[in-house]
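The next block holds one structure in the form of structure tokens; read it before the comments.
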Amino acid sequence: TSPLAPLATIAAAHTKATAARGDRIHVMPGHAETLTAVLTISKAGVNLIGHGQGTSKPQITVNYVGDGISVTGANVEIAGILFNESTAAATANINVAAANCRIHDCHFDLGATDLECITWASGANLEVYQNEFITTANGPDAGIEIETATDGGKFYGNIFNGGSATNAWD
């Protein structure tokens, strides 16, 4: 409830949030978190909002084989987070499996062990905008992968940078 007494992890903040009340998890500049298991955002209407510019944005690193964040609650927003290259074979930084999700103003560095960046497994009306997707090593397959028949996707204002012929998207 106060930046003077922050919780240690995003998961701890999600535990305290209440679904469908517009609760926001504010992640402050300089916060760094390594995920060793999936972080599931299951509560509808919860917003995960990062603060900061450039490398002072809160940073998440996926360090296991699997999805970093799995969105299963409807009406979730993720914004302002810097996702580092994974340190294990991450299947996705964010997997969306709920309706009306928005992902914006995030930065994704994708290295040799990142397979996909954002996967859209289910749920109508995914909106992905003003993000930056950068490959830093050979390996990433796609910035956004649509895994099933869905409806209402909006993708605009994003930058997809393959880096070089060596580090291009697979």
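For region 16-82, give the percent of accessible area contributed by carbon and sulfur heavy atoms, probe 1.4 Å, rounded to a whole number.
Details: 1470 of 2900 Å².
The nonpolar share, carbon plus sulfur, comes to 51 percent.
Just to confirm, what accessible area per residue do you get for the chain at 1.4 Å probe, in whole Å²?
On a per-residue basis, 45 Å².
Counting Lys and Arg as +1 and Asp and Glu as -1, each charge on the Cβ, what is the dipole of the chain about the Cα centre in debye, to the nearest 20?
It comes to approximately 700 debye.
How big is the dipole moment of region 1-76 about its Cα centre under a simple scheme where the beta carbon of each Lys and Arg is +1, that of each Asp and Glu is -1, and everything else is neutral? Debye, nearest 20, please.
For region 1-76, the charge dipole is close to 200 debye.
Sorted by packing (mean other beta-carbon atoms within 10 Å per residue), highest first, where do 111-123, 5-17 land?
In descending order of packing, they fall as 111-123, 5-17.
Tell me, how many Å apart are the Cα centres for region 1-19 and for region 114-170?
Cα centroid to Cα centroid, the span is 29 Å.
The values are calculated or read from the model by the stated rules, or taken from the named source; none is laboratory data. Nothing here was measured: the structure is a model prediction, and the numbers come from that model. Note that each Cβ is placed from the backbone with ideal geometry, even for glycine, and that neighbours are counted across all protein chains shown. Please note that ligands, DNA and RNA were not included when accessible areas were found on the heavy atoms of the full protein model with its side chains. Shrake-Rupley method; radii C 1.70, N 1.55, O 1.52, S 1.80 Å.
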